[in-house]
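Novice: This is the structure I have questions about; it appears just below.
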């Protein structure tokens with residue numbers, strides 16, 4: 001019977017839930033499969049009226065899939081959605097609106113060149129004799145905006161206002177149209193501190209009015225400041241739903257990053273010192289609005305693991321080092337000689353390589369062949385006029401394809417037809433073909449199958465043993481522990497800790513991510 | 001090896017060209033007749049080549065631009081400007097080589113301008129080149145002071161109407177440019193880089209390709225090609241007509257590149273196939289003329305043929321053909 005099932009899931013979901021009708025909206029055991037990839041695996045999610053419910057998880061955890069199911073953009077492959085206790089099928093976001101579910105996205109998707117009032121009432125304008133009653137629309141808009149503490153001219157063009165105001169207008173529109181559930185998908189990503197505070201006031205007011213609010217962000221401070229409960233997803237599975245007042249920051253981070261990271265053992269096995277030969281030295285290296293200046297020395301034959309949550313500045317750090325977003329502070333030296341690092345081309349000429357986090361957007365050349373994808377960086381290094389001919393390209397692609405165990409029917413097939421794991425291997429092969437001295441890998445094992453995962457970790461170890469220096473960014477703490485000779489921890493766009501020796505264990509790393517560096521940085525016995 | 005070579009020649013474009021030519025022959029039996037007169041070749045087929053040369057030259061420059069996910073709308077206007085500059089210079093008494101150099105330099109400058117707008121200022125190519133498309137014709141009209149500047153400089157006239165080894169000069173120039181640009185992109189890494197930037201500019205840049213410089217070079221080549229076509233057209237009519245020289249030819253050039261297999265989404269390209277595309281367009285124009293159809297039919301018939309060719313090339317058709325071809329490949 002349904003009642004007993006509901007009671008069970010409520011028991012799991014939170015102490016404040018007391019009856020079946022308590023949830024304004026509920027997802028029961030929803031799953032979503034894309035091809036062979038299980039994006040969401042039997043996830044339960046319950047949303048109470050009058051709460052702000054944070055949804056947390058790293059990239060690929062299934063946050064956006066769950067949101068898309070809750071808003072009707074995707075249909076679940078399993079499980080059911082309930083609104084006020086009754087099962088519903090949501091065919092589209094528009095259909096979800098009729099059940100009272102509204103969404104506001106990070107990028108405001110309103111019409112910036114129309115007036116504020118038009119944006120508020122688009123699609124349901126008040127009419128008079130079949131024509132839009134502009135005066136009434138603006139009058140009602142003014143009242144509506146006042147409720148959100150906005151004193152702006154409803155007739156003014158929306159695009160002239162700040163992103164924060166646009167965001168609030170989007171919320172006002174969503175609440176007015178829907179009124180029961182408000183889903184905020186990273187609403188603060190492009191706001192400054194004051195704007196965030198203003199937005200939070202609006203959200204707190206809506207909460208008091210009884211709205212059920214889902215809040216997605218990767219800023220933990222904001223989660224603790226605003227949310228009542230939190231649901232954590234990891235690799236498509238539900239980790240936990242719990243009240244925030246019963247949770248410490250460290251516990252939260254631990255839930256986000258690892259299954260059950262034990263604080264006791266599992267120290268890194270690589271206690272042997274890296275070769276003492278310094279390859280790179282970054283002094284006070286930083287970039288405004290990106291990463292605060294950091295100091296880092298890179299030796300030959302070592303893997304530096306970079307731990308930190310999404311948005312902590314870990315990717316930004318890699319982009320500065322590789323010259324994509326050049327540093328505007330500090331200096332870098334390579335084997336003692338100053339280097340500029342003003343562009344990727346320059347970094348590659350120095351023997352750098354970079355596997356970006358977003359394989360599809362920044363990594364693969366989808367329409368081009370596996371062969372061309374492998375040789376492209378070496379050819380870029382050789383320049384425009386020293387072209388590798390077809391046979392040389394095939395030799396290289398064959399050699400490095402084999403070294404990385406790339407499973408492709410042909411080296412001339414488009415790389416976009418390969419699986420994610422094989423695409424990642426192609427990009428690794430691309431850099432290995434350039435014989436790099438320093439390789440930066442940003443989340444090299446994300447979203448790939450188990451076999452490819454193991455292959456990549458093996459490759460990292462092999463390259464280190466061959467004397468290459470690697471910087472590996474990963475949110476898989478166990479993985480970072482397994483291959484790093486040193487771990488730097490990023491938090492709030494700042495390098496907050498550098499761990500070595502016995503400090504390289506999951507417990508210390510999680511502690512360092514969650515709190516400030518000093519507490520985690522106890523001296524290693526060497 | 002032979003089969004490879006055959007596969008490189010037999011494809012949608014060449015089959016379409018042969019088909020259009022055969023259709024012309026059915027409608028006008030004398031279509032394939034070629035005569036040797038006064039040291040040069042004459043005939044409808046030669047006429048197709050000669051009339052098609054300006055668009056073919058534009059297409060040679062347009063194809064790499066399209067392969068980078070761009071487009072150059074300014075080529076028609078650049079033709080008009082180049083013609084106006086060349087004509088004005090010879091009329092002012094400068095020797096032909098200065099007139100030609102001046103026109104080419106102008107084309108190069110236009111290309112660099114477009115390249116800077118696209119590569120450095122990140123303006124969408126269609127908008128960036130629209131600026132010069134509109135302004136260029138205006139500038140050409142200013143240069144010619146609103147009238148058609150006529151000239152009789154023998155060198156310029158030779159470029160437009162002369163012949164070399166029996167072939168009309170425009171054909172010789174177009175062929176030479178096709179070989180030159182094809183070798184320049186395929187015997188270097190430039191072709192690969194163009195395709196990489198067109199497919200994914202961000203990934204190409206992260207792989208170390210200097211995509212900005214590459215884009216400027218690609219638009220410069222297009223500007224140079226357009227200027228060359230402009231000189232030829234001016235030489236042909238012995239005058240610079242700022243209002244009509246190259247009018248709408250940018251669209252024919254884009255069409256030629258697309259018929260040649262280039263995608264406006266960037267990526268794969270073939271300069272010889274784009275030239276074949278230009279010849280298909282011209283063969284249809286000539287065919288309609290020689291077959292005695294009223295010229296009013298011209299545009300409609302052309303549109304119908306092009307729709308047919310593009311349908312054959314569409315992903316859906318490729319899917320269906322691939323489905324039929326799978327059995328064969330499996331057996332091989």
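Only the coordinates and a few stated rules stand behind these numbers; no lab work does. The shown structure was predicted, so the numbers you read here are calculated from the model rather than taken from an experiment. Cβ: placed from backbone, ideal geometry, glycine included. Neighbour counts: every protein chain shown.
Novice: So for the pair residue B:165, residue A:335, with labels modelled 7 Å out along Cα→Cβ, what separation do we get in nm?
Specialist: 5.2 nm
Novice: Rounded, prolate or oblate: which fits chain B, taking a ≥ b ≥ c as square roots of the Cα gyration tensor eigenvalues, rounded meaning a/c under 1.5, else prolate when a/b beats b/c?
Specialist: oblate
Novice: From a point 7 Å beyond the Cα of residue A:403 in the direction of its Cβ, which residues of region A:288-306 have a backbone N at a distance under 17 Å?
Specialist: A:301-302
Novice: Can you give the extra length, in nm with one decimal, that the chain gains between residue B:92 and residue B:36 once fully stretched, where that is 0.36 nm per residue apart less the Cα-Cα distance?
Specialist: Gain on stretching residue B:92 to residue B:36: 16.4 nm.
Novice: What is the distance in Å between the Cα centres of region B:11-49 and region A:435-502?
Specialist: A separation of 64 Å, based on Cα centres.
Novice: Next up: For region A:361-435, what is the convex hull volume of the alpha-carbon atoms per residue, in Å³?
Specialist: In region A:361-435, the Cα convex hull volume per residue is 84 Å³.
Novice: Mind pulling the angle between the C-alpha long axis of helix A:370-382 and the longest principal axis of chain A? Nearest 10 degrees, somewhere in 0 to 90.
Specialist: Helix A:370-382 and the main axis of chain A meet at about 60 degrees.
Novice: To continue, here is another question. Relative contact order of region A:33-99: what whole-number percent is it, with Cα pairs under 8 angstrom and at least 6 residues apart?
Specialist: Answer for region A:33-99 is 25 percent.
Novice: Indicate the gyration tensor shape class of region A:165-229 (rounded, prolate or oblate), computed on the Cα atoms with a ≥ b ≥ c the square roots of the eigenvalues: a/c under 1.5 is rounded; otherwise a/b larger than b/c is prolate and the rest oblate.
Specialist: Oblate.
Novice: Related question: Helix A:450-465 versus the longest principal axis of chain A: what angle, 0 to 90°, nearest 10, using Cα atoms?
Specialist: Rounded to the nearest ten degrees, it is 40.
Novice: Continuing with this model, one more query. Work out, step by step, the length gained on full extension between residue B:142 and residue B:23: first 0.36 nm times the residue separation, then minus their alpha carbon distance; give nm to one decimal.
Specialist: 38.5 nm is the gain from fully extending residue B:142 to residue B:23.
Novice: Also: With both bridge residues required to lie in the protein assembly as shown, what share of the DSSP beta bridges run antiparallel, to the nearest 5%?
Specialist: The answer is about 60 percent antiparallel.
Novice: Hey, another quick one. Give me the one-decimal nm value for the distance between modelled label points at residue A:128 and residue B:243, 7 Å along each residue's Cα-to-Cβ direction.
Specialist: Computed distance between label sites residue A:128 and residue B:243 equals 5.3 nm.
Novice: Going out from 0 in 10 Å bins, what whole percent of all Cα-Cα distances in region B:21-153 drops into each bin?
Specialist: 11, 29, 27, 22, 9, 0
Novice: Using only the alpha-carbon atoms, how far is helix A:134-147 inclined from the longest principal axis of chain A? Give it as 0 to 90 degrees, nearest 10.
Specialist: 70 degrees
Novice: Sort B:195, A:26 so that the residue with the fewest other Cβ atoms within 10 Å of its own Cβ comes first and the one with the most comes last.
Specialist: Listing B:195, A:26 from fewest to most nearby Cβ atoms yields B:195, A:26.
Novice: What FRET efficiency comes out for the pair residue B:176/residue A:113, r = Cβ-Cβ distance, R0 = 41 Å, nearest 0.05?
Specialist: The pair residue B:176/residue A:113 has a calculated efficiency of 0.25.
Novice: Run the quick spin-label model on residue A:502 and residue A:297: label points 7 Å from Cα toward the beta carbon, then report their separation in nm to one decimal.
Specialist: Roughly 2.3 nm, to one decimal.
Novice: In the Gaussian network model of chain B, springs joining C-alpha atoms below 10 Å, which of B:43, B:52, B:162 carries the largest mean-square fluctuation?
Specialist: B:43
Novice: Students often get this wrong: which residues of region A:428-446 have the backbone nitrogen under 20 Å from the point 7 angstrom along Cα-to-C-beta of residue A:77?
Specialist: A:446
Novice: Please report Rg (one decimal) and Dmax (integer) in Å for the Cα set of region A:280-369.
Specialist: 13.6, 41
Novice: Based on other C-beta atoms within 10 Å, arrange A:157, A:402 from fewest to most.
Specialist: So the residues, fewest neighbours to most, are A:402, A:157.
Novice: Using a Förster distance of 51 Å, how high is the FRET efficiency between residue A:86 and residue A:410, based on the Cβ-Cβ distance and rounded to 0.05?
Specialist: That pair, residue A:86 with residue A:410, gives E of 0.45.
Novice: Right, another one. With an 8 Å cut-off on Cα pairs and a minimum separation of 6 or more residues, tell me the relative contact order of region A:361-435 in percent.
Specialist: Here the relative contact order equals 49 percent.
Novice: Counting other beta carbons within 10 Å of each residue's own, what order do B:110, A:242 fall into, fewest first?
Specialist: Going from sparsest to densest Cβ surroundings: A:242, B:110.
Novice: Give me D for the protein assembly as shown in µm² s⁻¹, whole number, from Stokes-Einstein with Rh from the Kirkwood sum over alpha-carbon pairs, 4 °C and 1.567 mPa s.
Specialist: 41 µm²/s
Novice: Follow-up question, since we're still on this one. Please identify which residues in region B:147-183 have an amide N closer than 18 Å to a label point set 7 Å out from the Cα of residue B:108, following the Cα→Cβ vector.
Specialist: B:177, B:180-181
Novice: Assuming a ≥ b ≥ c are the square roots of the Cα gyration tensor eigenvalues, decide whether region B:126-244 counts as rounded (a/c under 1.5), prolate (otherwise, with a/b larger than b/c) or oblate.
Specialist: oblate
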